[in-house]
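*Asks:* My questions will all concern the structure given below.
Values in this text are rule-based calculations from the coordinates and carry no lab data. Quantities reported herein were computed from a predicted structural model and do not represent experimental measurements. So basically every Cβ, Gly included, is an ideal-geometry build from the backbone, and we count neighbours across all protein chains shown.
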Amino acid sequence: MTNHELARIALLAGLPGETLADLGKQVERRELPAGTVVVREGEPGDHFYVVFAGMLQVTNSAMGARDILKPGDYFGEVSLTMNVPRTATVTTVTPAVIGSVDRETFDRLLRPLFADD
């Protein structure tokens, strides 16, 4: 991923260039067809995700459909920051492009962004 692509994600836009460059080397880019389950509620969380293209549906067993994620949105941080199982299922509604980083990369580069949550 390029710094420019990452900087289009509002959450990441304020990161120093050096951190963005490091993050760009770690991000795994995936192109997914519609109907793909990216994370499943109740499973252990091991990655953080950002949406580059497409739309994804967030559902939760207690509340049903909760949200639609669009380019610039992110998900997976709750499981990683709170060390709990996934709190929702995220499924692609349209073909989508997402980026993900593992827990170690999240902890090293992104966890400070969630320190106030």
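*Asks:* Return the total of residues in region 2-27 being surrounded by fewer than 17 Cβ atoms within 10 Å (Cβ to Cβ) and hydrophobic (A, V, I, L, M, F, W, C).
*Replies:* Qualifying residue count, region 2-27: 5.
*Asks:* Report every pair of residues separated by at least 6 positions or lying on different chains whose Cβ atoms are under 7 Å apart, first residue within region 70-89 and on the phi > 0 side of the Ramachandran plot, second surrounded by fewer than 18 Cβ atoms within 10 Å (Cβ to Cβ) and among the small types (Gly, Ala, Ser).
*Replies:* Close Cβ pairs (under 7 Å, with a partner that is surrounded by fewer than 18 Cβ atoms within 10 Å (Cβ to Cβ) and among the small types (Gly, Ala, Ser)) amount to Gly72/Ala10.
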